[in-house]
1. Do you know which of the residues in the range 22-45 that are under 23 Å from residue 10 (Cβ atoms) and loosely packed, with under 10 Cβ neighbours inside 10 Å is modelled with the highest pLDDT?
2. Pull out all pairs, ordered by first then second residue, where Cβ-Cβ is under 8 Å, the residues are six or more apart or on different chains, the first lies in the range 1-22 and is among the aliphatic types (A, V, I, L, M), and the second is open to solvent by 100 Å² or more (accessible area, probe 1.4 Å).
3. Residues in the range 27-43: is at least one at positive phi and of a type outside the set (Phe, Trp, Tyr)?
4. In the range 1-21, how many residues are open to solvent by less than 70 Å² (accessible area, probe 1.4 Å), assigned to a loop (DSSP other than H, G, I, E, B) and out of contact with any Phe, Trp or Tyr (no Cβ under 8 Å at 6 or more places or on another chain)?
Amino acid sequence: LAVHWAYQLQERFPDGQLYINLRGYDPGAPVGAHEALRRFLTSRP
C-alpha cells in the first residue's frame with residue numbers, strides 16, 4: 001500500500017522524503033505510528 005501510494009504521489013515530493021513532527025520534546029503526548037501514517041495518507045497539498 002505504501003509503495004503504491006508513493007508512486008502515485010512522487011511528483012508532489014520530488015526529493016522522496018516526508019517529515020512529520022512527532023512532538024518528542026513537546027509537553028503534549030507524542031504522535032504515534034498509526035496517527036503519523038493517517039496524516040500522511042490524508043494530507044492535501
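1. Only one residue fits best here, namely 33.
2. From the range 1-22, no pairs qualify.
3. no
4. Looking only at that region, the number is 3.
The values are calculated or read from the model by the stated rules, or taken from the named source; none is laboratory data. Not measured: the values here are computed from a predicted model. Please note: Cβ atoms are built from the backbone with ideal geometry, for glycine as well, and neighbour counts cover all protein chains shown. The protein model used for the area step is the full one, side chains on, heavy atoms only, and it has no ligands, DNA or RNA in it. Shrake-Rupley method; radii C 1.70, N 1.55, O 1.52, S 1.80 Å.
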